[in-house]
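Visitor: My questions all concern the structure below.
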Amino acid sequence: MSSKRVLDVVAAFIHQKQRIFLAQRMKDDNYPLLWEFPGGKVEFQEKRKDALRRELQEELGILAEIGKLVGIFTDENDFLKIFVYLYEVSRFEGEIKNIECNNSGFFTLDEILGL
């Protein structure tokens with residue numbers, strides 16, 4: 001019996017004025033055009049908050065202040081177990097750019113349900 005590979009992923013809960021920020025995956029990504037909290041994989045020996053700060057700079061071009069851990073979610077298949085660590089981001093510097101995402105924006109809860 002082989003053990004599953006474990007993958008740590010970080011994601012940002014960015015919110016402003018009762019709106020939540022989501023990014024849309026690229027057409028050629030896994031789960032193409034899916035809307036999600038931005039973030040990515042934690043590299044070997046990297047701290048989670050540092051990984052999220054790096055991912056947000058790479059994907060969106062912003063310098064984010066990473067806040068408290070909001071939640072931990074898991075998913076798994078036959079080969080992989082994923083832990084997603086969701087952190088609050090209420091402040092950031094810079095203008096958001098769609099560097100590594102197809103589209104992005106701030107949405108109300110009602111709008112998110114329609115995505």
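The values are calculated or read from the model by the stated rules, or taken from the named source; none is laboratory data. Model, not experiment: these values are computed from the prediction. Cβ atoms come from the backbone with ideal geometry, glycine included; neighbour counts cover every protein chain shown. Heads up: the accessible areas ignore ligands, DNA and RNA and are worked out on the full protein's heavy atoms, side chains in. Shrake-Rupley method; radii C 1.70, N 1.55, O 1.52, S 1.80 Å.
Visitor: If packing is taken as the average number of other Cβ atoms within 10 Å across a peptide's residues, how do 11-17, 106-112 rank, most packed first?
Guide: Ranking, from highest mean packing down: 11-17, 106-112.
Visitor: Translational D (Stokes-Einstein, µm²/s) of the chain at 20 °C and 1.002 mPa s when Rh comes from the Kirkwood sum over C-alpha pairs?
Guide: 145
Visitor: Please give the calculated 222 nm ellipticity per residue for the chain, where each DSSP H segment of at least 4 residues contributes -39500 (n - 2.57) and the sum is spread over every residue; nearest 500 deg cm²/dmol?
Guide: Taken over the chain, the calculation gives -4500 deg cm²/dmol.
Visitor: In addition: Of all DSSP beta bridges located in the chain, what percent are antiparallel, nearest 5?
Guide: Details: 22 of 32 bridges.
So the antiparallel bridges in the chain amount to around 70 percent.
Visitor: Please report the carbon-and-sulfur percent of the accessible area for the chain; probe 1.4 Å, protein heavy atoms only, DNA, RNA and ligands left out.
Guide: The nonpolar share, carbon plus sulfur, comes to 50 percent.
Visitor: Can you give the extra length, in nm with one decimal, that the chain gains between Phe79 and Asn102 once fully stretched, where that is 0.36 nm per residue apart less the Cα-Cα distance? Mind dumping the intermediate values first?
Guide: Details: separation 23, 0.36 × 23 = 8.28 nm, distance 2.82 nm.
Value of the extension gain: 5.5 nm.
Visitor: Who wins for biggest fluctuation among Gly61, Gly39, Gly105 in a Gaussian network model of the chain, springs between alpha carbons below 10 Å?
Guide: Evaluated over the chain, the most mobile residue of the options is Gly105.
Visitor: Using mean Cβ contacts within 10 Å as the protection proxy, how do 51-59, 80-88 order, highest first?
Guide: Taking the mean over residues of other Cβ atoms within 10 Å, the ranking is 51-59, 80-88.
Visitor: Still on this structure: Hey, can you grab everything whose amide H is under 5 Å from the amide H of Lys81? Only 5+ residues off in sequence or another chain; H modelled, so Pro and N-termini drop out.
Guide: The answer is Arg5, Val6, Leu7.
Visitor: Determine which residues of region 82-115 fall in the zone a paramagnetic label at Asp28 would reach in this model, i.e. backbone nitrogen under 16 Å from the point 7 Å along Cα→Cβ.
Guide: Correct set: 99-103.
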